[in-house]
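Heads up: the structure comes next, in structure tokens.
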Amino acid sequence: MKIALGADHGGFEYKNKISDMLQNEGYDVTDFGTYSQESCDYPLFAKKVAEAVSGGLYDRGILICGTGIGMSIVANKFKGIRAALCSDTFSAKATREHNDSNILCMGARVISFEKAEEITRIWLETPFSQEERHIRRIGMIE
Ligand code: RB5
């Protein structure tokens with residue numbers, strides 16, 4: 001699975017650690033930045049990752065900022081993107097099963113790194129349910 005990762009300064013540390021974790025687990029990860037803790041603008045990184053997933057070059061994206069909110073607002077403006085802001089594992093599982101979300105957003109100032117790790121694993125491992133009602137609803141979004 002090819003994964004596009006992005007963060008602003010607020011999510012920089014979590015993004016780097018998630019990148020290491022995923023590479024150790026055999027995922028094909030590309031880090032779209034940011035590459036330092038210097039203050040930067042989250043829309044730039046959300047755009048890079050959303051375009052990478054929307055264009056079909058990547059299967060999934062993960063975006064991390066302070067709250068995850070800015071990243072999700074931006075990512076959901078791109079065609080075909082269903083970005084889900086998750087702070088708990090129930091939502092991470094449900095959004096894969098019901099929404100077939102293709103970008104996971106998290107807030108590094110909201111959840112612990114251990115929780116972010118757990119959410120990421122569950123989100124990546126949970127398949128879309130393929131149920132007719134969910135396919136129909138996703139079609140209505142587009
Ligand atoms: C940056 O201070 C902060 O606004 C950003 O990380 C994010 O929380 C935006 O939604």
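All of the numbers you see were taken from the coordinates with simple rules; none came from a lab. These numbers come from a predicted model, not from an experiment. Quick reminder, even Gly has a Cβ in these numbers, built from the backbone with ideal geometry, and neighbours come from all protein chains shown.
Peptides 39-52, 106-119 ranked from most to least packed by the mean count of surrounding Cβ atoms within 10 Å: 39-52, 106-119. Each of GLY107, THR126, THR95 was scored by the projection of its Cα onto the charge dipole of region 89-142, and the greatest displacement toward the positive side belongs to GLY107; charges sit on the C-beta of Lys, Arg, Asp and Glu. Simple point charges give the picture: +1 on the Cβ of Lys and Arg, -1 on the Cβ of Asp and Glu, and for the chain a dipole about the Cα centre of about 460 debye.
Mind jotting down the distance between the C-alpha centroids of region 110-142 and region 1-65, whole Å? Region 1-65 and region 110-142 have Cα centres spaced 17 Å from each other. Magnitude of the charge dipole for region 58-142, about its Cα centre and with charges confined to Cβ atoms of Lys, Arg (+1) and Asp, Glu (-1), is about 300 debye. Would region 38-88 count as rounded, prolate or oblate if I go by the C-alpha gyration tensor, calling it rounded below 1.5 in a/c and otherwise prolate when a/b exceeds b/c, oblate otherwise? In terms of gyration-tensor shape, oblate. Each residue of the chain gets 89 Å³ once the volume of the Cα convex hull is shared out per residue. Ranked by the mean number of other Cβ atoms within 10 Å of their residues, highest first, the peptides 92-99, 8-15 come out as 8-15, 92-99.
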